[in-house]
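**Student:** Before I ask anything, let me first share the structure, which is written out below as structure tokens.
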Amino acid sequence: MAEVEGEERSWPSSHGGGGGGGGRSSRAICCRELRLHEFPERYVILSADPDTPDHAFSIGRLDGQVEPLVENFSSVASSKVSTIFGVVGIIRLLAGTYVLLITSRKEVGSYLGFPVFNVTSMRVLLCNKALKHSTSQERKDEAYFMSLLKIIESTPGLYYSYEADLTLNLQRASKLTQERIHKSLWKQADPRFLWNRNLMEELIENKLDVFTIPVIQGSFKSVQLTFKGSPARVLLISRRCNRRLGTRMWRRGANLEGAAANFIETEQILEFEGFRASFLQIRGSIPLLWEQIVDLSYKPQLNIINHDETPKVVERHFHDLVQRYGETIAVDLTDKEGEEGQLSEAFSAAIQNLPYVRYVPFDFHHACAKGNFDNLQLLYNQIKDQVESQGYFLMKIDGQILLEQKGVIRSNCIDCLDRTNVTQSYLAQKSLNLQLQQLGAFSASECISTHTDIYEMFRILWAEHGDEISLGYTGTHALKGDLVRYGRQTLGGMIKDGISALTRYYLNNFHDGIRQDALDLISGHYTLSRSGSGRFQVNGIDSLPYLPVASALIMGGLTMTSFTLHQAVGRSTNPLASSVFWASLTAGVMALVKANGKQFCSRPRLCGLM
């Protein structure tokens, strides 16, 4: 697999690296356990890890000043002492500095032999005592920013390791030089997949490397299996790119630089009898300029944006992929009719100008109608030779590289979630069969689908992975999970999908605008310096006071219409006239809401769509 090394890896170039490793491993590591001391004028964060002793820094509660400390705080009394498990980063806003801490974690497995943790709770330290000297408008704006940080505290799918860099896939990690392995984790990391990249900068500037933990957002799942009496482990790890981070309806398509929304690198790793095999796939929104703005309708209109830069956007996107991953197959799973069909047609036309990319259209809904999951074999038959030629990565655990993956499959539907999950799990199953045959666990005619227990665990692994990926983008579990778990649609699955679809509708229309602002703030896509004072504009009317009023009028109108109609039965025309009045009022309010649907939805305030 052709990877671009060093392109972004030295960021920021002017920063040094203190802290470091030592202890039980010669690799660079981060502090595994910390003590938070809360003093009236400052916070002190102190390493409680025997492998990284005597490391501490303070943050002023008045001015947010960060200072590395060399004095011993272990015996200094403070008003409150608590245990924390990592510093995610620091962000400066209008009138204060805020520190995001990991307050609880869960060990979920290991990567390259090192423990991996899921962030289960976070806390924001407030260093904003100077806020009392701010203007009323600044306090109002700061309050909005603080509400965004509260949303960030509950971000799903965050994973990290104190000793291993989760941003690098196995093939890239195996090629790190000894010199780079001993560097701090953030220096090894792929900046594309650092969820907290923007938040780490102040820690790096102050050379607090042992406190600087690279965090990814995505999914990390593993399962223990047995093949012919020998234990094995299958690990599934997904890394979401931070270049176009966002929510489902507010981050579609690509930006002018070619970065696609919901771009995720998914790696399936097999560990078996002293070998590690890795199969890598990617997904991402169709890399055109397009949008689908919420307007209270169940399926908002899809709009392709005409722009002179569109051909360059597609070229930039795929040039980057080919440079990083090698030969690229673009599998397009969208419908070939309606608005999806128009978008698919535009994608096909744009990609025809790129001879180094193979475009494969596959109408998933048509081919796999009624849950006929096995019809994905029709897709596989089209790309089988090329996929097997790309191969997979294979190495011995002692580090000897035996095979390399020479290319990648890029799958997409509209959201790059549900249909994409089903398809990627199918392709991963095909690769796993080849790996097990290569390692002697299976004969040439065997596959995991013939081993019922193993196959069931494999499907559950991919279904849970799909749910977590979907939570980060839409706020709900994935649809079509039954196709992955059971290979067919079940009644319970259809009910669950219906509930998830309605929940997505609610979140898309009434919640994701503010969630998009939170992601833009912590990822650095919105910066205070960009607008000088840090002010932001509210797009359209504020839906908070208007939507409840409109809803109350509609519900009240329907109630009064029903009540007056009931009274009108067998009586004079007065109640009937009242019914007409209330029905007309209700219809008028509904028409007003429908005509101005976009204005009643939750909309981002900080950044535009591009």
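The values are calculated or read from the model by the stated rules, or taken from the named source; none is laboratory data. All values reported here derive from a predicted model rather than from experimental measurement. With ideal geometry, Cβ positions are generated from the backbone for all residues, glycine too; neighbour counts draw on all protein chains shown. All accessible areas refer to the heavy atoms of the entire protein, side chains included, with ligands and DNA or RNA removed. Shrake-Rupley method; radii C 1.70, N 1.55, O 1.52, S 1.80 Å.
**Student:** Let me confirm something: among VAL294, VAL331, VAL360, which residue is surrounded by 20 or more Cβ atoms within 10 Å (Cβ to Cβ) and either more than 22 Å from the chain's Cα centre (by Cα) or at pLDDT below 95 (or both)? I'd like the intermediate steps shown before the answer.
**Tutor:** Working: VAL331 fails: either more than 22 Å from the chain's Cα centre (by Cα) or at pLDDT below 95 (or both); VAL360 fails: surrounded by 20 or more Cβ atoms within 10 Å (Cβ to Cβ).
It is VAL294.
Residue by residue, here is whether (1) touching a His at 6+ places or on another chain (Cβ under 6 Å); (2) within 18 Å of ASN375 (Cα to Cα) holds:
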{"position": "TYR426", "(1), (2)": "no, yes"}
{"position": "CYS447", "(1), (2)": "no, yes"}
{"position": "ILE460", "(1), (2)": "no, no"}
{"position": "GLU464", "(1), (2)": "no, no"}
{"position": "ASP467", "(1), (2)": "yes, no"}
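**Student:** ILE204 passes all but one of (1) open to solvent by 10 Å² or more (accessible area, probe 1.4 Å); (2) farther than 21 Å from SER238 by Cβ; which number fails?
**Tutor:** Going through the list (1) open to solvent by 10 Å² or more (accessible area, probe 1.4 Å); (2) farther than 21 Å from SER238 by Cβ, ILE204 breaks only (1).
**Student:** Still on this model: Looking at the range 227-236, can you tell me whether even one residue there is buried (at least 16 other Cβ atoms within 10 Å of the Cβ) and either assigned to a helix (DSSP H, G or I) or modelled with pLDDT under 95 (or both)?
**Tutor:** yes
**Student:** Then there's this: Which residue, of SER184, SER161, SER134, is over 30 Å from ASP467 (Cα atoms), touching a residue at least 12 places away in the same chain (Cβ under 8 Å) and either open to solvent by less than 10 Å² (accessible area, probe 1.4 Å) or touching a Gly at 6+ places or on another chain (Cβ under 6 Å) (or both)?
**Tutor:** When all the criteria are applied, what remains is SER184.
**Student:** Okay, next question. Whether any residue in the range 238-254 is open to solvent by less than 10 Å² (accessible area, probe 1.4 Å), assigned to a strand (DSSP E or B), under 20 Å from HIS465 (Cβ atoms) and modelled with pLDDT of 95 or more is what I want to check.
**Tutor:** yes
**Student:** If you don't mind, there's one more thing I want to ask. Identify, from the list ASP385, ASP398, the residue that is more than 27 Å from THR226 (Cα to Cα), among the acidic types (Asp, Glu) and open to solvent by 10 Å² or more (accessible area, probe 1.4 Å). Even if it seems obvious, please write down each step before you answer.
**Tutor:** Details: ASP398 fails: more than 27 Å from THR226 (Cα to Cα).
So the residue among ASP385, ASP398 that is more than 27 Å from THR226 (Cα to Cα), among the acidic types (Asp, Glu) and open to solvent by 10 Å² or more (accessible area, probe 1.4 Å) is ASP385.
**Student:** Something else: Taking the residues in the range 519-535 that are assigned to a loop (DSSP other than H, G, I, E, B) and modelled with pLDDT of 90 or more as candidates, determine which candidate is surrounded by the most Cβ atoms within 10 Å (Cβ to Cβ).
**Tutor:** For the range 519-535, the residue satisfying everything is HIS525.
**Student:** Identify, by number, the condition in (1) in contact with a strand residue (DSSP E or B) (Cβ under 6 Å, 6 or more places away or on another chain); (2) of a type outside the set (Phe, Trp, Tyr); (3) surrounded by fewer than 19 Cβ atoms within 10 Å (Cβ to Cβ); (4) over 16 Å from LEU166 (Cα atoms) that SER222 doesn't meet.
**Tutor:** Single failed check for SER222: (4).
**Student:** Something else about it: Please list, ordered by first then second residue, the pairs with beta carbon atoms under 7 Å, 6 or more apart or interchain, first in the range 480-505 and among the hydrophobic types (A, V, I, L, M, F, W, C), second open to solvent by 30 Å² or more (accessible area, probe 1.4 Å).
**Tutor:** LEU483/GLN489; VAL484/ARG459; ALA501/LEU479
**Student:** Restricting to the range 207-226, and then to whatever is outside any helix (DSSP H, G or I) and among the aliphatic types (A, V, I, L, M), can you tell me which residue is nearest to HIS307 (Cα to Cα)? Break it down stepwise before answering.
**Tutor:** Of all residues in the range 207-226, those outside any helix (DSSP H, G or I) come to 207-208, 212-226.
From what is left, the residues that are among the aliphatic types (A, V, I, L, M) are 208, 213, 215-216, 223, 225.
Details: LEU208: 44, ILE213: 40, VAL215: 35, ILE216: 33, VAL223: 46, LEU225: 51 Å.
Only one residue tops the list, namely ILE216.
**Student:** Run SER411 past the list (1) farther than 24 Å from ILE237 by Cβ; (2) among the polar types (S, T, N, Q); (3) surrounded by 20 or more Cβ atoms within 10 Å (Cβ to Cβ) and report the number of the one that doesn't hold.
**Tutor:** It fails just one condition, (1).
**Student:** Here is a follow-up. Kindly evaluate ARG42 against the criterion of being among the charged types (D, E, K, R), surrounded by 14 or more Cβ atoms within 10 Å (Cβ to Cβ), modelled with pLDDT under 95 and under 19 Å from ILE204 (Cβ atoms).
**Tutor:** No, not satisfied.
**Student:** Any residue in the range 463-475 that is within 15 Å of LEU158 (Cβ to Cβ) sitting within a Cβ distance under 6 Å of a residue that is part of a helix (DSSP H, G or I) and hydroxyl-bearing (Ser, Thr, Tyr)? List the pairs, counting only those 6 or more apart or interchain.
**Tutor:** If the second residue must be part of a helix (DSSP H, G or I) and hydroxyl-bearing (Ser, Thr, Tyr), no pairs are left.
**Student:** Related question: Can you tell me which of VAL108, VAL124, VAL99 is of a type outside the set (Asp, Glu) and either crowded, with 20+ Cβ neighbours inside 10 Å or part of a helix (DSSP H, G or I) (or both)?
**Tutor:** Result of the check over VAL108, VAL124, VAL99: VAL99.
**Student:** Could you please give the count of residues in the range 192-227 that are under 23 Å from GLU468 (Cβ atoms), in contact (Cβ under 8 Å) with a residue 60 or more places away in the chain and over 23 Å from the mean Cα position of the chain (by Cα)?
**Tutor:** 1
**Student:** Among GLU267, GLU257, which is part of a loop (DSSP other than H, G, I, E, B) and within 25 Å of SER523 (Cα to Cα)?
**Tutor:** GLU257
**Student:** Sticking with this structure for a sec: Restricted to the range 277-289, and to residues that are in contact with a helix residue (DSSP H, G or I) (Cβ under 6 Å, 6 or more places away or on another chain) and part of a strand (DSSP E or B), which residue is nearest to LEU354 (Cα to Cα)?
**Tutor:** The extreme case among them is ARG283.
**Student:** Looking at the range 336-354, I want the residues that are crowded, with 20+ Cβ neighbours inside 10 Å and have a partner that is among the aromatic types (Phe, Trp, Tyr) with Cβ atoms under 9 Å, at least 6 apart or on another chain. Which pairs are those?
**Tutor:** Taking only residues 6 or more apart or on different chains, the pairs are LEU343/TRP290; PHE347/TYR359; ILE351/PHE318; ILE351/TYR359.
**Student:** Same structure, new question: If we scan the range 63-73, do we find a residue that is charged (D, E, K, R), open to solvent by 50 Å² or more (accessible area, probe 1.4 Å) and part of a strand (DSSP E or B)? Spell out how you get there, then give the answer.
**Tutor:** Residues of the range 63-73 that are charged (D, E, K, R), as a first pass: 63, 67, 71.
Filter once more, so that each one left must be open to solvent by 50 Å² or more (accessible area, probe 1.4 Å): 63, 67, 71.
Those still in the list that are part of a strand (DSSP E or B) too: 67.
Within the range 63-73, one or more residues are charged (D, E, K, R), open to solvent by 50 Å² or more (accessible area, probe 1.4 Å) and part of a strand (DSSP E or B).
**Student:** Still on this model: Determine the pairs where a residue that is over 19 Å from HIS511 (Cβ atoms), located within the range 290-305, has a partner that is assigned to a strand (DSSP E or B) and open to solvent by less than 20 Å² (accessible area, probe 1.4 Å) with Cβ atoms under 8 Å apart, the partner being 6 or more residues away or on another chain.
**Tutor:** Between residues of the range 290-305 that are over 19 Å from HIS511 (Cβ atoms) and residues that are assigned to a strand (DSSP E or B) and open to solvent by less than 20 Å² (accessible area, probe 1.4 Å), the close pairs are LEU302/TRP290; ASN303/TRP290; ILE304/TRP290; ILE305/TRP290.
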